[in-house]
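S.K.: Could you have a look at this structure, given as structure tokens, before my questions?
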Amino acid sequence: MTRILVVDDEANVQRLLQYTLKQAGYTVVVAGDGQEALKLWQSEQPGLILLDVSLPKLDGYGVAERIRNDEGGRNHVPIIMLTSEKEVEQKVRGLRAGADDYLVKPFHQAELLARMKGLLSRFGSADAASRARPPLGKMIAFYGAKGGVGATTISINTAIALRTELDRKVVLVDAVLQFGDHRVFLDLGNDRKSITDLTTAPQVDADLLKNVLVKHDSGVDLLLAPTSPEEADLVNPENLAATLAMLRTMYDYVIVDVDKRLGDLTLSILDHADEVHIVMTADLSCLKNVRLVLEALRRIGFDPKRLKLALNRSNAFTGISVGAAESALKREFETKITNEYRVAISAQNTGSPFAYSKPDAPLSQEIVELAQAIDAVFAPQAAGAAPGAPARLGAGAAR
Ligand SMILES: Nc1ncnc2c1ncn2[C@@H]1O[C@H](COP(=O)(O)OP(=O)(O)OP(=O)(O)O)[C@@H](O)[C@H]1O
Ligand SMILES: [Mg+2]
């Protein structure tokens, strides 16, 4: 039974949390101030801490900081900060102090339990071996040649395949800042943190980032887009570049779903990416746009070897055959993904990507092949078995 440390100075909050947690099957220890919290953290070794911000003796920020300091990166007890202050600044302060999540009081019991469950499974199942080897640090961008061609579908599912089939450490970034779709595709509410939670911080570091990333059940970490288009303006190209650079030091693959608009922000991502996959369908406007994008990338000196063309819905009738599209572009498609409307749309509607919920579907297998092709470029040694990583390459194809 997991032991939860509740730290709150109000007797009624203590009682309520104690009751809720016991009902849910946890054992509970209670501290009424910051000093006592630190003592109980040491003596009781709780599996998770619910930590109020305003406490006598030592406040919640102080407690979180002390714990993280003493842990020294060797352990990590999940901490959920309970705050009555709604300001973003306070949230960031809690996250910087080392909290993993925060809840604004008053909160719903079900939400508390769900967040706790997420954190417990995340920190309980950390894979020590794969954390020990240095990350590959490669950035792979997916760019849709026009709206609705499947850039989001392919980037999300490729990220999942790299994680589940190739055992890579993967973060997926929704860089479609105004109209990002990942919350819809992955069934995540607007309460989940986004990239704008980083913008109020003077400096982005790994600790702050870890607290803003959202964990998907597949094991892929997510950096989500803001929930409203206005908020997107808070993120500038420098912010984003710094964030992506930091993510590369933490993950094997940083998979980025990029915006179609070729502004500074997108160009800077494409420029820094190790591979750019242009997703398209075989129709005239895509052919025109792909030519324009290839030209724009050539102008910024982008190495053509890093560029891949992915033809989505390759067997759908568009009046233009694969061969005709290839000869119009004077190059071959590196990737072809077939048209499977039912699988794609039902994954989207249920918020469970097909690579995760239907790994055996042909569409998922094609995505696994794409993931394998990516991994073969960046982790070619011993067919992708980097030191310490289980050799699971080809697991998908073998099925
Ligand atoms: N291979 C496929 N077969 C059938 N349907 C697909 C396939 N790939 C994507 N789709 C469907 O196409 C639609 C658009 O996909 P998606 O949102 O991934 O495209 P996008 O390029 O990211 O679009 P946007 O311009 O809105 O960002 C979705 O309904 C998706 O389910
Ligand atoms: Mg999209």
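Please treat every number below as a calculation from the coordinates, not as lab data. What you are looking at is a predicted structure, and each value in this text was computed from that prediction instead of being measured. Here the Cβ positions follow ideal geometry from the backbone for every residue, glycine too, while neighbour counts run over all protein chains shown.
S.K.: Whose amide H sits under 5 Å from the amide H of Met139, counting only residues 5 or more places off or on another chain, with H placed in the peptide plane?
M.R.: For Met139, whose amide H was placed from the backbone, the distant partners under 5 Å are Val254, Asp274, Glu275.
S.K.: Nearest 10 degrees, 0 to 90: what angle lies between the long axis of helix 11-23 and the longest principal axis of the chain (Cα atoms)?
M.R.: So the inclination is approximately 60 degrees.
S.K.: I need the phi-derived Karplus couplings for the stretch 279-294: 6.51 cos²θ - 1.76 cosθ + 1.60, θ = phi - 60°, integer Hz, Gly and Pro marked x.
M.R.: 8, 8, 10, 8, 9, 4, 5, 5, 4, 4, 5, 4, 4, 5, 5, 4
S.K.: While we're looking at this one, here's another question. Would you work out which of Gln35, Thr153, Leu224 lies farthest towards the positive end of the dipole of the chain? Charges go on Cβ: Lys and Arg +1, Asp and Glu -1.
M.R.: Thr153
S.K.: Using the per-residue mean of other Cβ atoms lying within 10 Å as a proxy for protection, in what order, highest first, do the peptides 38-45, 53-60, 147-154 fall?
M.R.: Ranking, from highest mean packing down: 147-154, 53-60, 38-45.
S.K.: Return the calculated 222 nm mean residue ellipticity for the chain, to the nearest 500 deg cm²/dmol, obtained by summing -39500 (n - 2.57) across DSSP H runs with n ≥ 4 and dividing by the residue count.
M.R.: Calculated mean residue ellipticity at 222 nm is -13000 deg cm²/dmol.
S.K.: Name the residue from Leu262, Val290, Pro78 whose Cα lies farthest towards the positive end of the charge dipole of the chain, charges +1 on Cβ of Lys and Arg and -1 on Cβ of Asp and Glu.
M.R.: The residue sitting most towards the positive pole is Val290.
S.K.: Using the Kirkwood formula over every pair of different C-alpha atoms, what hydrodynamic radius in Å results for the stretch 3-126?
M.R.: Evaluated over the stretch 3-126, this radius sits at 14.2 Å.
S.K.: If you stretched the chain out fully between Val104 and Asp217, how much longer would it get, using 0.36 nm times the residue separation minus the C-alpha to C-alpha distance?
M.R.: 38.3 nm
S.K.: Quick one: Cα centre-to-centre distance for the stretch 238-279 and the stretch 144-222, in angstrom?
M.R.: Going from one Cα centre to the other spans 12 Å.
S.K.: Same structure again: Place the peptides 318-326, 335-343 in order of packing, highest mean first, counting for every residue the other Cβ atoms within 10 Å and averaging per peptide.
M.R.: Descending mean neighbour count gives 335-343, 318-326.
S.K.: Relative to a virtual label point 7 Å from the Cα of Thr27 in the Cα→beta-carbon direction, which members of the stretch 39-64 show backbone nitrogen distances below 12 Å?
M.R.: 44-47
S.K.: Using the alpha-carbon atoms, what tilt in degrees (0 to 90, nearest 10) does helix 237-250 show relative to the longest principal axis of the chain?
M.R.: The answer is roughly 80 degrees.
S.K.: Below 8 Å, C-alpha to C-alpha, sequence gap of six or more: please give me the relative contact order for the chain in percent.
M.R.: Relative contact order comes out at 16 percent.
S.K.: Still on this structure, please answer the following. Report the residues of the stretch 267-285 in range of a label on Asp303: point 7 Å along Cα→C-beta, backbone N strictly under 16 Å from it.
M.R.: Once the point is set 7 Å along Cα→Cβ of Asp303, 270-277 turn out to lie under 16 Å by backbone N, inside the stretch 267-285.
S.K.: Could you check the spin-label model distance between Thr249 and Phe317? Points 7 Å from the Cα along Cα→Cβ, value in nm.
M.R.: About 5.5 nm separates the two model spin labels.
S.K.: Simple spin-label model, 7 Å along Cα-to-Cβ: Ala376 to Asp70 in nm?
M.R.: 5.2 nm
S.K.: How many angstrom lie between the C-alpha centres of the stretch 14-52 and the stretch 283-352?
M.R.: Centre-to-centre distance over Cα atoms comes out at 53 Å.
S.K.: Let me ask something else. Mean-square fluctuation check for the chain, GNM, Cα pairs under 10 Å: which of Gln365, Gln90, Gln109 is largest?
M.R.: Gln109
S.K.: In nanometres, what is the gap between the two model label sites at Lys210 and Asp271, each 7 Å from Cα along Cα-to-Cβ?
M.R.: Between Lys210 and Asp271, the simple spin-label model gives 3.2 nm.
S.K.: How large is the convex hull of the C-alpha atoms of the chain per residue, in Å³?
M.R.: Dividing the Cα hull volume of the chain by its residues yields 142 Å³.
S.K.: Using only Cα atoms and rounding to the nearest 10 degrees, what angle (0 to 90) does helix 341-350 make with the longest principal axis of the chain?
M.R.: Helix 341-350 sits at roughly 20 degrees to that axis.
S.K.: May I ask for the percentage of alpha-carbon pairs in the stretch 206-341 that lie more than 23 Å from each other?
M.R.: That fraction is 46 percent.
S.K.: If you take the beta carbon distance between Glu10 and Ser228 as r and set R0 to 51 Å, what does 1/(1 + (r/R0)^6) give as a FRET efficiency, to the nearest 0.05?
M.R.: After rounding to 0.05, the efficiency reads 0.90.
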